[in-house]
Structure formats: structure tokens, C-alpha cells
Amino acid sequence: MKKSSGSYPRVRVEGGGRGVVAQAGAVLLVETVRKSGLDTAISTALAPWRKRRAVHDPGKILLDVALAVALGGDCLADVGMLRAEPAVFGPVASDPTISRLVDALAASGPKALAAIRGARSEVRQRVWELAGASSPAADGQVIVDIDGVLVLAHSEKQDATATWKKTFGHHPLVAFVDHGQAGSGEPVAALLRPGNAGSNTAADHIETAQLALAQLPKRLRRGRQTLIRTDSAGGTHAFLDWLSRRGRWLSYSVGMTITDAIHQAALKIPKKAWTPAYDAGGTERPGAWVAEITCMPDLSTWPTGMRLIVRKERSHPGAQLRFTDLDGLRLTCFATTRKPVSSPTSNCVTAGGPAARTASAAPAPPACAICLCTTPRRTGSGWRSSPSHSTSSPGCRCSR
């Protein structure tokens, strides 16, 4: 082992079988902390909370807690795993010292959170720069997924309540930056909420989006190059208005509830207007089709430029069909600001919800079902087409 000037010892691997330590896999995490500069950044950010003549650095204490969680810990006492291996993790604070720091940070509230978030944002930008072509923003675009998750609690912890799934615990909203097919989600924000918090609370979605955007490089905090994705819980007027606000101009792909108006519009789509759905890799998804219905329901109260895409797909084995499903095919719908493209192999933005990397939509939403096909005219014998390929329907809001 070779000591370093950082927060953790520098450990090397040897094949002699001497000096063997437990939890050696955490060395990868420790080296990641060192390489990214997270130890220095978090220590600097939490310097105001370090008492005079204190032995342990608040930043190191917080990182130790994070490492313990990564190693499977679920309470502060599990930091003892690190304390048992000083050769790997260096000096680790006692449980009372850790508890006092947590109390001090909690007492500072927003000030402490802002310091920690600022350090994370600074380090994240450095890591993305080091990642180069592997960065999630390497192509100048970034996708942020927002979704709710139920966390079970086995005792009456703070804010633990009954959930909508008849369990007991918490219902936080979390945001992840998508790394595409070859990666996973990178957590950037989490909004702690009680278990009975609503799924489609617009204010919570807005706050989570704000926290997530603050973690991105400044050039990506506004503009069409940043895409926000949610499931139908985010399909609210307030949230979409916030995303589309002048000066923010964020792109979005948000699930929408199948209302009666959307259902009726889907029933009127000509058969030839349905186009095959593709997964994120550009491969056609068997038994799934998509069509745009922006022209059909009244969207005058929704943000300008919003497109409405409906998908029909064979339901999974055992799935119970709903009244709004079409001919035994499950209907789903999403709203997006993405423009239609003609290539079926272009980059796909899925629409079924955050990090749904398989087949929620076409590679890019198709052109409007009515304006692309022709303008259909209803007759007694069914649908007929009039030769108006180049004109949109009256009052059309689609991007054709």
C-alpha cells in the first residue's frame, strides 16, 4: 500500500497472497472518486461545516457513507465495513461523529444541499469531459428521464406513509441521464416525497427537472438539445407549459393519458396511416404501429408545437385489455416536440416512460397520420382519400 495526499490510501494489486483485504472491489469506487476529483470538491464544499481541530473531514465522512451504501449498507452503522479496513479506506469516523455531521447538515437545510449539489455538478462536468466520445452529451444532446419510484419502509420512518400500491414507505421522484443502449442511467437528482405523494403532481416534476438541469453543463440547461422524458405522470398542462416556456425551449417526450378525445381520434385513423414502430436500435418492432393525431383532437390549450403520437401494440401475454384498446391492441399515447424524419433508422426517442430503451415509439415520430396519408373523407362505405398530399387539415397543428 502506498499512501497518497488524497482522502483515501492508494492501493495496488499484487499476486503474492499477502496483505489481502476485504471489500477490495470498493477500490474501483475509491479510484473513481480520486480520478474525478470528487473527494477534493466535496471537501471544499463542506468546509464551512468542519469544526476547528476536527480530526475527520466532513467531505470524507459523506463519501464514506456513500461507499457503505454502494457496498450494500442500509444504515449509518454499516460504515463499520469501511472502518474495519483502514488500509483501503483510511481513517473512518465513528458512528457518533457521523450522526453529528448528518444533524449539522440537516440543520443547515437548503444551504448544505446547495453545497453538495454544486460539488456534484462541478465534478460531473469534469467526468463528462474525461469521457470524451463516451459522454452522454458527446453528440451535443442529452436525455433526462424523470420517474417516480416506491421505496418500502419497514418501520415508521419520517414521511413514510401508505402508497397508492397499498404498500408503506416513500414515493420519491428521481431523474437520470440516459447513456443509451450501451450504458445505464446516471442519477442526477432525487426529490424526497412521502409515500402518499401524487404521481402526476406538476410542481414536483418541475422541481425535479430544475434539480436535474442544474447538474448538467450550462450549455445543456436550456434549448432543444436537451430532451426531458417522463411517463404519463408528467403529461400535465403545467409541466409541459414549464418545459416550453420562452427562453427555456426544452424538448420533451411525455406519456399522455388516453382520454376519450384521443381514443376517438385513434379510431378514425386510416389503416394505411399506421406505420411500423421501431426500437431504439432502429429495428422494426413486430406487432407495433404508430401514427400522429396532432390534427384531430383539440390541442389549443396545450403548448404550441406539441405533437401527439399514438401507438398500438399487441398486448403482452396475460395482460388485461382496457375499454380504450383498439381491436385487441393496446393503445398508448405520448406528446413530443421532436420533428418527423423520413429515415426509419434515425435515432429513436422512446415514449413509454423513462429509460424505456425498447420500442415505445418509432425512431422518430412519423408525420401526421392525416396530413401524410392524404386528407381522408368519411363516407357511408368507410374511408376514402382525396388527393391533397401537400395540404394539412383545417386548423392543423402538426409540424408538416
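The values are calculated or read from the model by the stated rules, or taken from the named source; none is laboratory data. Fair warning: this is a prediction, and the values are worked out from it, not measured in the lab. No Cβ is skipped: glycine too gets one built from the backbone with ideal geometry, and neighbour counts run over all protein chains shown.
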Unmet criterion (only one of (1) of a type outside the set (V, I, T); (2) assigned by TED's automatic domain parsing to the domain that holds G148; (3) in contact with a Ser or Thr (Cβ under 7 Å, 6 or more places away or on another chain); (4) in a loop (DSSP other than H, G, I, E, B)) for L227: (4)
Failed criterion for K60 (all others in (1) among the charged types (D, E, K, R); (2) assigned to a loop (DSSP other than H, G, I, E, B); (3) touching a Gly at 6+ places or on another chain (Cβ under 8 Å) hold): (2)
For the range 33-40, does any single residue satisfy the condition of being over 31 Å from the mean Cα position of the chain (by Cα), buried (at least 17 other Cβ atoms within 10 Å of the Cβ) and assigned by TED's automatic domain parsing to the domain that holds E122? no
Kindly check whether there is at least one residue in the range 189-209 that is at pLDDT 90 or above, surrounded by fewer than 18 Cβ atoms within 10 Å (Cβ to Cβ) and assigned to a strand (DSSP E or B). yes
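Each row is one residue, and each column tells you yes or no for (1) among the acidic types (D, E); (2) crowded, with 17+ Cβ neighbours inside 10 Å; (3) outside any helix (DSSP H, G or I).
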| residue | (1), (2), (3) |
| --- | --- |
| G72 | no, no, yes |
| A77 | no, no, no |
| M81 | no, yes, no |
| P96 | no, no, no |
| R100 | no, no, no |
| D103 | yes, no, no |
| A106 | no, no, no |
| D139 | yes, no, yes |
| V144 | no, yes, yes |
Would a scan of the range 335-348 turn up a residue that is crowded, with 23+ Cβ neighbours inside 10 Å and at pLDDT below 80? yes
